[in-house]
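Comments concern the structure below.
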Amino acid sequence: MPDRKVAIVGVAESAFGTVPDKTVHELHAQAAVRAIADAGVAHPVILSEAKNLTDLVSQTLRVAGLDDA
Amino acid sequence: MPDRKVAIVGVAESDLGTVPDKTVHELHAQAAVRAIEDAGVSKDEIDGLFSCGGTDPMHILQLSEYLGLHPRFMDGTLVGGSSWETFVEHAFLAIAGGKCSTALLVYASTAKSDVARRFRSADAALSPRGPNQYEVPFGPTLISKYAMIARRHMHQYGTTSEQLAAIAVATRKNAGRNPNAVMRDPITVDDVLSSKLIADPLHLLDCCLRTDGGGAILLTTAERARSLRKPPVWVIGSASAESHLTMSQMEDLTVSPAARSGPAAFAEAGIAPKDVDVLEIYDAFTIMALMTLEALGFCAPGEGGPFVEDGKLAHDGALPTNTDGGGLSSNHPGMRGIFLLIEAARQLRGESTAQVPDARIAVCNATGGYMSHCTTVVLAKD
């Protein structure tokens, strides 16, 4: 068995099916926030610091460690 | 000094300037073939392909098909003109991690001829979808976004049009040495200030060119690099940082994301700004170059204007910068980051047309979008 270096720790789906009331960006954010919650990292921080949707996405990426990837 | 694991071993440009007789795919292939010849490797060794742009959202697949490659590792990350520096970072990880051994980074665009063909408008088409819908009604163009940034820098720090012009003048001096540069005749600060105002305060000569052209780079393992005929150009540090895409979300109009990517890349390489012999920074507009110098720590925030006004960015100045003539004077097909890497590698091999004597450390910093994203790459020779 090779070294175990990387693991999936959070998974989630956004609302799916027919979702006429959300933008594609909202669905990205919803899935991300749910995955963060599933992993148990600090998504309340994201929500408290977010000033608007773009900020929310940006903060989500930061907390998820994806902004500098 | 960090381990030397991955090196640039081949660099080349396609035909540049105005190239009405070749498709964008032909330019990709031409650059790739020339880089393969420059490196002295076999096409069959290429098992990693990194590219974005082209003519299809799945460009990376179209390109591998066109080039007749079957890479086991591919990446088509699109973050604007900094994509090529990002690809160096990704290719480093892929090669060091054993996912591929020889990576081809290739770029081409027929942006200039496409305007003449009416395939595209002269201004970048900005999608009104998504968050951008709240800004599009106010009519910001790509250039006006940079003009707003420049005006803010002037307001906050007293930066002058003359100081911005000094960047264009030094860059043109460097282009004068490069036979492939599109604009080579010397210019003065007065020439910049008396050129047409494009978007206040940016004049025509504060703005990059629009040209056709492409470039390619090959990276490989340390072992293979040492067996090739040209000296390896080692990748010793890299880092990326994002900021925003919607202009209203840019936290501080005067700060480039290079303020985060630069120090991280320098720390990985174990260098400081004083160690840098040659600097290649994206210069879509003079203000972009000025803010990059501040963000990378060559001068303090707000001091970029006084820093550049003595002409130190010329190839024979205190901080040789954009020694090929940059986007301002050499070429700019649209996402120019790959040309920074090509010129930096030539400097470290001693092959530049404006060679800096005994250049040992070169830094590339590319910017994508509207000061939206930066990747900094530190290169060194043995």
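Can you find, within the stretch B:144-172, the residue that is surrounded by the most Cβ atoms within 10 Å (Cβ to Cβ) among those that are among the hydroxyl-bearing types (Ser, Thr, Tyr) and under 23 Å from the mean Cα position of the chain (by Cα)? Spell out the reasoning first.
Step one: filter the stretch B:144-172 for residues among the hydroxyl-bearing types (Ser, Thr, Tyr), giving B:144, B:146, B:157, B:159-161, B:171.
Then drop every residue that is not under 23 Å from the mean Cα position of the chain (by Cα), which leaves B:144, B:146, B:171.
Details: B:Ser144: 18, B:Tyr146: 23, B:Thr171: 31.
The extreme case among them is B:Thr171.
Limited to the stretch B:242-263, what total is found for residues that are surrounded by fewer than 23 Cβ atoms within 10 Å (Cβ to Cβ), of a type outside the set (D, E, K, R) and in a loop (DSSP other than H, G, I, E, B)?
Counting residues in the stretch B:242-263 that are surrounded by fewer than 23 Cβ atoms within 10 Å (Cβ to Cβ), of a type outside the set (D, E, K, R) and in a loop (DSSP other than H, G, I, E, B) gives 6.
So in the stretch A:1-27, with the set limited to residues that are within 14 Å of chain B (Cβ to nearest Cβ) and loosely packed, with under 15 Cβ neighbours inside 10 Å, which one is farthest from the chain's Cα centre (by Cα)? Full working, then the answer.
So the first thing to find is which residues in the stretch A:1-27 are within 14 Å of chain B (Cβ to nearest Cβ), and the list is A:2-3, A:5-6, A:22-27.
Next, only the ones that are loosely packed, with under 15 Cβ neighbours inside 10 Å stay: A:2-3, A:5-6, A:22-24.
Values: A:Pro2: 29, A:Asp3: 27, A:Lys5: 22, A:Val6: 18, A:Lys22: 16, A:Thr23: 15, A:Val24: 14 Å.
Result: A:Pro2.
Looking at the stretch B:242-295, which of its residues are hydroxyl-bearing (Ser, Thr, Tyr), within 12 Å of chain A (Cβ to nearest Cβ) and more than 20 Å from B:Gly337 (Cβ to Cβ)? Break it down stepwise before answering.
Within the stretch B:242-295, the first condition is being hydroxyl-bearing (Ser, Thr, Tyr), and the residues that meet it are B:243, B:246, B:248, B:254, B:256, B:261, B:282, B:286, B:292.
When the remaining residues are screened for being within 12 Å of chain A (Cβ to nearest Cβ), the result is B:243, B:246, B:248, B:261.
Once the filter is applied, which keeps residues that are hydroxyl-bearing (Ser, Thr, Tyr), within 12 Å of chain A (Cβ to nearest Cβ) and more than 20 Å from B:Gly337 (Cβ to Cβ), the stretch B:242-295 yields B:Thr246, B:Ser248.
From B:Leu348, B:Leu328, which residue is within 30 Å of B:Thr77 (Cα to Cα) and touching a Lys or Arg at 6+ places or on another chain (Cβ under 6 Å)?
On the way: B:Leu328 fails: touching a Lys or Arg at 6+ places or on another chain (Cβ under 6 Å).
When all the criteria are applied, what remains is B:Leu348.
Evaluate the following for B:Ser82: is it out of contact with any His (no Cβ under 6 Å at 6 or more places or on another chain) and among the hydroxyl-bearing types (Ser, Thr, Tyr)?
Numbers: out of contact with any His (no Cβ under 6 Å at 6 or more places or on another chain): no; among the hydroxyl-bearing types (Ser, Thr, Tyr): yes.
So B:Ser82 fails the test.
Looking only at the stretch B:203-220, how many residues end up being in contact with a strand residue (DSSP E or B) (Cβ under 7 Å, 6 or more places away or on another chain), surrounded by fewer than 21 Cβ atoms within 10 Å (Cβ to Cβ) and not aliphatic (A, V, I, L, M)?
Looking only at that region, the number is 0.
Within the stretch B:336-382, how many residues turn out to be under 14 Å from the mean Cα position of the chain (by Cα), over 23 Å from B:Ser243 (Cα atoms) and among the small types (Gly, Ala, Ser)?
3
With the condition kept exactly as written, say whether any residue in the stretch B:143-160 is over 21 Å from B:Leu245 (Cβ atoms), touching a Lys or Arg at 6+ places or on another chain (Cβ under 9 Å), not in a helix (DSSP H, G or I) and not small (Gly, Ala, Ser). So that I can check it myself, show each step before the final result.
Kept after step one, since they are over 21 Å from B:Leu245 (Cβ atoms), are these residues of the stretch B:143-160: B:154-160.
Then drop every residue that is not touching a Lys or Arg at 6+ places or on another chain (Cβ under 9 Å), which leaves none.
No, there is no match, as no residue in the stretch B:143-160 is over 21 Å from B:Leu245 (Cβ atoms), touching a Lys or Arg at 6+ places or on another chain (Cβ under 9 Å), not in a helix (DSSP H, G or I) and not small (Gly, Ala, Ser).
Name the one entry in B:Ala239, B:Ala216 that is in a strand (DSSP E or B) and within 11 Å of another protein chain (Cβ to nearest Cβ).
Details: B:Ala216 fails: within 11 Å of another protein chain (Cβ to nearest Cβ).
None of the other options fit; the residue is B:Ala239.
Can you give me the number of residues within the stretch B:136-146 that are out of contact with any Phe, Trp or Tyr (no Cβ under 8 Å at 6 or more places or on another chain) and touching a residue at least 60 places away in the same chain (Cβ under 8 Å)? Outline the logic, then answer.
First, pick out the residues of the stretch B:136-146 that are out of contact with any Phe, Trp or Tyr (no Cβ under 8 Å at 6 or more places or on another chain): B:136-141, B:144.
Pick out the ones that are also touching a residue at least 60 places away in the same chain (Cβ under 8 Å) and you get B:140.
So the count comes out to 1.
Which one of the conditions (1) out of contact with any helix residue (DSSP H, G or I) (no Cβ under 6 Å at 6 or more places or on another chain); (2) at pLDDT 90 or above; (3) among the aliphatic types (A, V, I, L, M) does B:Met74 fail to meet, given that it meets all the rest?
(1)
Taking the conditions exactly as written (closer than 25 Å to B:Ala380 by Cβ, polar (S, T, N, Q) and at pLDDT 95 or above), does B:Ser329 satisfy them or not? Give the steps one after another, and end with the answer.
Details: closer than 25 Å to B:Ala380 by Cβ: no; polar (S, T, N, Q): yes; at pLDDT 95 or above: yes.
No.
Run B:Ala222 past the list (1) out of contact with any Leu (no Cβ under 6 Å at 6 or more places or on another chain); (2) within 17 Å of B:Val377 (Cα to Cα) and report the number of the one that doesn't hold.
Just one mismatch for B:Ala222, condition (2).
Among the residues of the stretch A:3-36 satisfying the criterion of being β-branched (Val, Ile, Thr) and not in a loop (DSSP other than H, G, I, E, B), which is farthest from B:Gly130 (Cα to Cα)? It would help to see each step written out before you state the result.
Residues of the stretch A:3-36 β-branched (Val, Ile, Thr): A:6, A:8-9, A:11, A:18-19, A:23-24, A:33, A:36.
From what is left, the residues that are not in a loop (DSSP other than H, G, I, E, B) are A:24, A:33, A:36.
Working: A:Val24: 8, A:Val33: 19, A:Ile36: 23 Å.
Across the stretch A:3-36, the extreme among qualifying residues is A:Ile36.
The values are calculated or read from the model by the stated rules, or taken from the named source; none is laboratory data. As the structure is a prediction and not an experimental result, all values here were calculated from the model. Backbone-built Cβ (ideal geometry, glycine too); neighbour counts: all protein chains shown.
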